[in-house]
1. What residue, among those in segment 318-357 that are outside any loop (DSSP other than H, G, I, E, B) and without any contact (Cβ under 8 Å) to a residue 40 or more places away in the chain, is nearest to residue 140 (Cα to Cα)?
2. Residues of segment 66-87 being more than 22 Å from the chain's Cα centre (by Cα) and either closer than 20 Å to residue 44 by Cα or modelled with pLDDT under 95 (or both), which ones?
3. Only one of these is surrounded by fewer than 21 Cβ atoms within 10 Å (Cβ to Cβ) and modelled with pLDDT under 95: 148, 153, 192. Name it.
4. Being surrounded by 23 or more Cβ atoms within 10 Å (Cβ to Cβ), touching a strand residue (DSSP E or B) at 6+ places or on another chain (Cβ under 6 Å) and not assigned by TED's automatic domain parsing to the domain that holds residue 128 is true for just one of 262, 249. Which residue is that?
């Protein structure tokens with residue numbers, strides 16, 4: 001087992017990465033606030049792993065709520081089922097919510113924990129690659145609104161993250177690739193050495209080599225932990241973690257939540273960010289080719305859907321959380337391993353780029 005620490009003073013917590021961790025009852029129990037535990041999971045993960053977690057928590061005041069799977073359900077109506085379960089069982093301020101699932105489950109359970117009785121404990125037990133390398137770490141929680149993704153939420157740090165890599169054995173290939181988008185992101189924004197490692201090990205990752213996956217998860221979590229420790233509430237450099245996300249969230253919202261997986265939309269968004277960076281003269285052609293080639297090798301889309309018009313794209317991007325005082329800020333790339341957040345670009349280049357993609361035949 002690998003143990004990393006996210007250093008946030010009194011809110012610091014460990015990130016455990018390894019095989020068979022769901023069966024380690026002692027590991028989980030030491031991070032519970034008290035005896036009341038509500039497991040939040042979904043109807044895909046529950047048949048696979050719920051009983052294994054329950055067995056390790058025998059003797060506690062334990063219940064679960066099973067939500068429907070999918071980004072399209074990450075809204076107020078389904079989220080309220082968590083509160084129904086907490087209130088029906090009369091859980092108090094010393095309860096713990098345990099998020100067992102992917103990014104949607106983790107975001108919803110974490111946000112519920114932030115709100116229930118003004119804040120209770122929660123534990124992240126991510127079961128997808130995307131959740132293990134990104135969404136479970138850092139305390140971002142939230143739900144979607146029809147007008148924008150993750151626009152309702154809170155920063156609420158978990159007590160720990162337990163990433164059992166064995167759960168990736170049951171992950172569909174499409175979901176594995178979606179997770180690799182967030183892995184590639186770390187190489188592009190701040191870790192050029194890791195990007196080169198990914199170029200050499202992408203085939204092993206797609207083949208689910210356990211050692212390669214563990215290394216990729218550890219390096220990704222280490223990168224994110226360092227960024228979050230320096231900027232917990234995204235007031236500065238943490239915004240770099242959103243490479244591809246402004247474009248990606250527009251794709252997810254515009255196409256309807258669930259049509260594109262989050263990682264797929266982010267992958268296309270990173271390619272758009274790289275393309276715009278090259279058009280602005282900030283990224284050389286070789287770096288642009290390497291970035292798009294690696295994303296394509298991960299079996300991810302490198303172009304956005306042509307059904308989104310330029311104006312629709314721009315309207316959706318205008319709702320992005322990085323917009324300040326009416327100015328659209330984007331994460332762009334200056335080289336492999338070097339990115340910046342900026343609003344100092346000529347918008348005509350953005351408009352022309354989106355026009356070029358919308359003109360591609362469907």
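1. Per the stated criteria, the residue is 324.
2. Selection gives 81, 85.
3. Being surrounded by fewer than 21 Cβ atoms within 10 Å (Cβ to Cβ) and modelled with pLDDT under 95 holds for just one of 148, 153, 192, which is 148.
4. Exactly one of 262, 249 is surrounded by 23 or more Cβ atoms within 10 Å (Cβ to Cβ), touching a strand residue (DSSP E or B) at 6+ places or on another chain (Cβ under 6 Å) and not assigned by TED's automatic domain parsing to the domain that holds residue 128, namely 249.
The values are calculated or read from the model by the stated rules, or taken from the named source; none is laboratory data. Nothing here was measured: the structure is a model prediction, and the numbers come from that model. All Cβ positions, even for glycine, are placed from backbone atoms using ideal geometry, and neighbour counts span all protein chains on display.
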